[in-house]
Amino acid sequence: MANAGMGVAYETQRVVFAKIQRTYREYLALYQSINNGSLEGATTFDVFYLRMTYYSKYQDRRNFGHSGY
């Protein structure tokens with residue numbers, strides 16, 4: 001029965017990851033559209049993921065503007 005709980009947790013995390021991937025693709029499309037079709041200087045997925053998960057959860061929200069985003 002313990003494995004059933006792990007499956008649910010995995011599926012929930014998979015849904016969250018898929019949402020972050022979708023948001024990243026949207027970010028890239030917007031970035032490219034305002035930078036004359038260039039992606040040069042765009043945030044990499046690993047940094048984007050870290051900011052969307054770790055920083056948004058653990059950083060003091062009052063200081064979030066100082067993190068570069």
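The values are calculated or read from the model by the stated rules, or taken from the named source; none is laboratory data. On a predicted model such as this, the values are computed, not experimentally measured, just so you know. Remember, those area values only see protein heavy atoms, side chains included, never the ligands or the DNA or RNA. Shrake-Rupley method; radii C 1.70, N 1.55, O 1.52, S 1.80 Å.
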(request) Any chance you could look up the accessible area of Y54 with a 1.4 Å probe, heavy atoms only, rounded to 10 Å²? (result) 120
(request) On the full set of protein chains, 1.4 Å probe, figure out the accessible area of E26 and give it in Å² to the nearest 10. (result) 110
(message) Show me, for segment 34-39, the HN-Hα J-couplings you get by feeding each phi into the Karplus relation (A = 6.51, B = -1.76, C = 1.60, θ = phi - 60°), rounded to Hz, glycine and proline as x.
(response) 9, 10, 6, x, 9, 9
